Amino acid sequence: MGTELVELNELVTIFDYLGTFAFAISGVRLAGAKNFDIFGAYVVGFVTAVGGGTIRDLCLGLTPFWMIQPSYVVITAIALLFVIVFKKHLIHMNNAFFIFDALGLGLFTVVGLEKSLAAGFPFWVNIIMAAITGAAGGMMRDVLINEVPLIFRKDIYAVASVLGGIIYYIAFSLGMADIGCQVLCLVSVVLIRILAVAFGVNLPSLRSEESART
Amino acid sequence: MGTELVELNELVTIFDYLGTFAFAISGVRLAGAKNFDIFGAYVVGFVTAVGGGTIRDLCLGLTPFWMIQPSYVVITAIALLFVIVFKKHLIHMNNAFFIFDALGLGLFTVVGLEKSLAAGFPFWVNIIMAAITGAAGGMMRDVLINEVPLIFRKDIYAVASVLGGIIYYIAFSLGMADIGCQVLCLVSVVLIRILAVAFGVNLPSLRSEESART
Amino acid sequence: MGTELVELNELVTIFDYLGTFAFAISGVRLAGAKNFDIFGAYVVGFVTAVGGGTIRDLCLGLTPFWMIQPSYVVITAIALLFVIVFKKHLIHMNNAFFIFDALGLGLFTVVGLEKSLAAGFPFWVNIIMAAITGAAGGMMRDVLINEVPLIFRKDIYAVASVLGGIIYYIAFSLGMADIGCQVLCLVSVVLIRILAVAFGVNLPSLRSEESART
């Protein structure tokens, strides 16, 4: 347990908390826009923040991370208070929140990769776990507020997470140190997400049939 | 294994069955109102009744409680039959069903607290597990029938469960016996729920922005 | 480990792969009809194909089957490519896809029964696990595309799976060999599903109250 490992763990923890805050804000705001009460908004914020990681941990056979220590419950409460206090000014902060959300996606991707790697799974499972950690919370948020998940229809979102995971493994295969792979992965996800939105890059849609429902 | 413990276990079992019936009725009725067929109504009733406890058990690392003994499958079937036989009279029983539902919420809160406590988790996890046991089934029901979860928008519902959990721990900290804490928690949840509806108490809503979706 | 057991395992594997392809196609097509992008369509296809089995494995305390080997990820990708390449002709293949889907339902029912049986659960749990394996993926698909689950409102679907499970146990109780029970169960589910649609057999609906929501 050298100094480097401790620092690495601390970095992962900071990643985790920042991502939690950014995701909780997005859940609370969208629930508020749908006229949820403050407790409902808290629940949607919490599910947005910890939902992806919970699915990941259950799939990996681990106790959900937020049950081990109360930080995530507290951070979501801070996010709720933040939205209540600044609610009239939030719309002017949309650019800031977009950056927060991109950062959260990058941070959660790294955390998901590391946990799946530590549980002994092969690289392709780790990449899926990274994408679930990054994107499944937003998917659950949209299901709870009764909307078609936005991440499946607009911009590059979960795909940024998958690409970040692949970049991690290329760097890892070339012999880069763990901390280097993590930073590279984080930066890649955030950049891909920001550039995709800045240049209006969308994945092609499948639409072509009138109706596939038989 | 003294007499008291046996009685305590029996009490928890009775709590469990009554709550299952009340929740299954609510799922079956709402599915029926959405034109589900009888099997679909059974599934929605079953998910409403056991969904919260299933999420709790998976988070606690336990086999879902309804897979250990067939009571819950049978009770849901009885609830379906009850709705089919009495369907023309159900609307006149709305007050009775409201009491059933409040009782179910209280009962599930106690059961959730006890199971999480027995699994060795700290008090704040137990309170979350209690609220999940009480309220997540209704949330899953509303997702299945494609409605915005009602419990997030109207009345005091999951919050009654959280307050009941906090009251349990205050009583527990003051040295009250387990059975006393359980009864106090149950009565608190049921009373908070009933009084909130009787006096039209709602949590404040977050609405203020035009649209938070970026 | 005699030859028969090996063949039996191979049969189960083939069942699994064929069902995965059929279910993924249905998820990809419905997501496409809702204007999802190709990654979103992939995710919906994947969830449709592996969602039921994932819930089953988590309930049984097992690692989700698709994390053990990459076949399911690959088969879903093939299904996505198939839909992209043949999209203009898919509507003329609806009868073929209906057969695929019926086959998938039968195959997943058998796989679900076998896994639950191998995990040591009693027959009624095995039948529920079979129905979850066969029908929960389609339910999750409909939740993700924000539709009321079709399987609860139209035709005989999950019920075919339940009836197949019951037929399996009747044959098993009469002393039929495992492989015989499996084939009989598969054929029963597929036939019940096809005959129900051919003759327009639906389960009765529960509708009768104006509104059950209190």
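Based on the alpha-carbon gyration tensor of chain C and its eigenvalue square roots a ≥ b ≥ c, which shape applies: rounded if a/c is under 1.5, prolate if not and a/b is larger than b/c, or oblate?
Verdict is oblate for chain C.
Residues of the protein assembly as shown: accessible area per residue at 1.4 Å, in Å²?
40 Å²
Tell me what chain C gives for mean residue ellipticity at 222 nm when only DSSP H runs of n ≥ 4 count, each as -39,500 (n - 2.57), the sum divided by the residue total, rounded to 500 deg cm²/dmol.
Roughly -25000 deg cm²/dmol at 222 nm, from the helical runs in chain C.
Using a 10 Å cut-off around each Cβ of peptide A:95-108, what is the average number of partner chain Cβ atoms that fall inside?
Mean partner-chain Cβ count within 10 Å for A:95-108: 0.
Say each of residue C:205 and residue B:201 gets a label point 7 Å from the Cα, pointing the same way as Cα to Cβ; how far apart are those two points in nm?
Inter-label distance under the simple model: 4.0 nm.
Which entries of B:87/B:154; A:87/A:154; B:115/C:154; A:34/B:115 have Cα-Cα distances beyond 28 Å here?
Checking Cα-Cα distances, B:115/C:154; A:34/B:115 exceed 28 Å.
Mind jotting down the distance between the C-alpha centroids of region B:88-130 and region A:139-170, whole Å?
34 Å
Could you please put A:154, B:88 in sequence from largest to smallest accessible area, using a 1.4 Å probe?
Largest accessible area first, the residues go B:88, A:154.
Quantify how strongly other chains surround peptide A:144-154 by giving the mean number of their Cβ atoms within 10 Å of each of its Cβ atoms.
6
Which helices, counted as full DSSP H runs in chain C, have an axial Cα extent of no less than 18 Å and a Kyte-Doolittle average of 1.6 or above?
Helices meeting the criterion: C:71-85, C:158-173, C:178-198.
Note down the relative contact order for region B:3-198 as a percent, whole number, built from C-alpha pairs under 8 angstrom at least six residues apart.
For region B:3-198, the relative contact order is 24 percent.
Say each of residue B:88 and residue A:170 gets a label point 7 Å from the Cα, pointing the same way as Cα to Cβ; how far apart are those two points in nm?
With each label point 7 Å from Cα toward Cβ, the separation is 7.1 nm.
Roughly how much accessible area, to the nearest 100 Å², goes out of reach of solvent when A and B pair up, both sides summed, probe 1.4 Å?
That pair of chains buries around 3200 Å² in total.
Classify the protein assembly as shown as rounded, prolate or oblate, taking a ≥ b ≥ c as the square roots of the eigenvalues of its Cα gyration tensor: rounded when a/c is under 1.5, otherwise prolate if a/b is larger than b/c and oblate if not.
In terms of gyration-tensor shape, rounded.
Which distances, in nm and shortest first, link the residue C:94 label point to the same label point in every other copy, taking 7 Å along Cα→Cβ?
Those label-point separations list as 4.0, 4.0 nm.
So the label point sits 7 Å from Cα along the Cα-to-Cβ vector; using that for residue C:81, what distances do you get to the other copies, in nanometres, sorted shortest first?
5.4, 5.4
So, in nm, how far is label residue A:68 from label residue A:98 when the simple model puts each one 7 Å beyond its Cα toward the Cβ?
Taking the two extended label points, one gets 3.5 nm.
Looking at the square roots a ≥ b ≥ c of the eigenvalues of the Cα gyration tensor of region B:32-145, which shape do they give, rounded for a/c under 1.5, prolate if a/b is larger than b/c, or oblate?
In terms of gyration-tensor shape, prolate.
In the protein assembly as shown, what percent of the accessible surface is made up of carbon and sulfur (1.4 Å probe, ligands and nucleic acids excluded)?
70 percent
With a 1.4 Å probe on protein heavy atoms only, tell me which residues of region C:121-139 lose at least 50 Å² of accessible surface in the complex relative to the chain by itself.
C:124
Just to confirm my numbers, what's the Cα centroid distance between region B:55-83 and region A:49-70 in Å?
Here the two parts' Cα centres lie 23 Å apart.
The values are calculated or read from the model by the stated rules, or taken from the named source; none is laboratory data. Note that the structure is a prediction, hence the values are computed from the model and not measured. Because the Cβ atoms are built from the backbone with ideal geometry, glycine has one as well, and the counts that use them run over all protein chains shown. SASA here: full protein model, heavy atoms, side chains in, ligands and nucleic acids out. Shrake-Rupley method; radii C 1.70, N 1.55, O 1.52, S 1.80 Å.
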